[in-house]
Amino acid sequence: MTTFKAIRIDKADTGTRAAYADFDESELMEGDVTVAVSHSTVNYKDGLAITCKSPVVRRFPMIPGIDFAGTVEASSNPNYKPGDQVILNGWGLGETHLGGYAKKARVKGDWLVALPKGLSAAEAMAIGTAGYTAMLAVLALERHGLTRDRGPAIVTGAAGGVGSVAIALLSKLGWQVIASTGRAEEAPYLKELGAAEIIDRGELSGPGRPLGKERWAAGVDSVGSHTLANLLTQTKYGGAIAACGLAQGMDLPASVAPFILRGVSLLGIDSVMCPQVLRRQAWERLARDLDRDKLKRITRTIPFDRVIDTAGEILAGKIRGRVVVEIG
Ligand SMILES: NC(=O)c1ccc[n+]([C@@H]2O[C@H](COP(=O)([O-])OP(=O)(O)OC[C@H]3O[C@@H](n4cnc5c(N)ncnc54)[C@H](OP(=O)(O)O)[C@@H]3O)[C@@H](O)[C@H]2O)c1
């Protein structure tokens, strides 16, 4: 029997339970590429999976971890050969397919993206699914035709993973960024990333009016609920908000007023099943447009054996920016 170290989630009498374990290689799922995982990350969804706060995991046993970077060990896929450096985000990793918190992963080669030139595996995971989602949001705003001269962009959940990368990207692209945070003490950090103005998230988190003063042309929202509704009511004529998260809630207590009276658009962002062509575009843009010094400031690195503790911290909103996990 050949085993490797992993986090394993099993069904228990009281629900589900995550623990470090020696995982039997024969239990790996089908796939045409085997990867030696070097790095993973802690995303909000990983927090939900490990703490079992939400039914993210839909197969047992499961190795959580929705993303990884590593080196191809074996491949029968024509696009990959041993030694290639690759990254993987989503496609059900850590939910329906054994995930990234393991020394080894076996996956479909069609899910992989080659590590972009100029990015190390550690940097790619500093970006991780949160950062790649922030890029997808920026790309959606650009496809909508929005440019920095139309007015400021607002980023909610600003000190979190998606928020931190979104601020760094938008400010590098010349946008005036308004950062909404519940952590006033993170104002210097958010300004370093490029935020021009900081607002308290309490301004946006309660029930609002159908229309408010027009304040921003664009937005990246990782919070949902009343916050997203209030973002829409204060978006300038013809502007758009890219919605990607639910840190406040999954509901959207909104009216149609911003859509039918101001031509505002709500752009949905999904990173999990996102087509490969858009993923590659996002990763190329990240390699080009994300300031590496800012990425360093956003990132904290932890050893593999700290992941389970960190999962609780991210759900409690205590993590600033991104957490990279050293696996290999
Ligand atoms: N659509 C997709 O494919 C996709 C991909 C990645 C992530 N997501 C989602 O995006 C969200 C953010 O992910 P992440 O990895 O960036 O998580 P994160 O690092 O935990 O960031 C979330 C941030 O939201 C804010 N927040 C937390 N609780 C809140 C509340 N009750 N009300 C208002 N704001 C609150 C906090 O920012 P402040 O402390 O600055 O207020 C927190 O740092 C999650 O919901 C995640 O599931 C979706």
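Remarks
- Accessible carbon and sulfur surface of region 26-161 relative to its total accessible area, %, 1.4 Å: 51
- Full-extension gain in nm, Ala114 to Thr14, via 0.36 nm per residue minus C-alpha separation: 32.0 nm
- The residue among Ala140, Pro210, Thr71 whose Cα reaches farthest toward the positive pole of the charge dipole of the chain, with charges on the beta-carbon of Lys, Arg, Asp and Glu, is Pro210.
- Rounded FRET efficiency, nearest 0.05, which uses the C-beta distance separating Val277 from Lys81 and R0 of 25 Å: 0.65
- Region 235-328: trypsin sites (Lys or Arg not before Pro) in DSSP coil with no more than 16 other Cβ atoms inside 10 Å: Lys318
- Debye, to nearest 20: dipole size of region 129-268, +1 on Lys, Arg Cβ, -1 on Asp, Glu Cβ: 340
- Each label was represented as a point 7 Å from its Cα along the Cα-to-Cβ direction; for Arg148 and Asp24 these points are 5.7 nm apart.
- Rounded to the nearest 20 debye, the dipole size of the chain about its Cα centre is 720 debye, using +1 on the Cβ of Lys and Arg and -1 on the Cβ of Asp and Glu.
- Measuring r between the beta carbons of Thr2 and Thr96 and using R0 = 25 Å, the FRET efficiency lands at 0.55.
- 10 Å-binned pair-distance histogram of the chain (Cα, whole percent): 6, 28, 33, 22, 10, 2, 0
- Average accessible surface for the chain: 41 Å² per residue, computed with a 1.4 Å probe over protein heavy atoms with every protein chain in place.
- Taking label positions 7 Å along the Cα-Cβ direction at both Asp270 and Glu284, the computed distance is 2.4 nm, reported to one decimal.
- Proximal aspartates and glutamates relative to Lys45, as straight alpha-carbon distance under 17 Å, when same-chain residues fewer than 8 apart are discounted: Asp67, Glu95, Asp221, Asp270, Asp309, Glu313
- Our helix-only sum for the chain, with -39,500 (n - 2.57) per DSSP H run of n ≥ 4 divided by its residues, gives a mean residue ellipticity at 222 nm of -8500 deg cm²/dmol.
- Accessible carbon and sulfur surface of region 173-328 relative to its total accessible area, %, 1.4 Å: 52
- Largest mean-square fluctuation among Pro55, Pro253, Pro152, in a Gaussian network model of the chain whose springs join Cα atoms under 10 Å apart, belongs to Pro55.
The values are calculated or read from the model by the stated rules, or taken from the named source; none is laboratory data. Note that the structure is predicted; figures quoted are calculated from it, not measured. Positions of Cβ are generated from backbone atoms using ideal geometry, with glycine treated the same way; all protein chains shown enter the neighbour counts. With ligands, DNA and RNA removed, areas are computed over all heavy atoms of the protein, side chains included. Shrake-Rupley method; radii C 1.70, N 1.55, O 1.52, S 1.80 Å.
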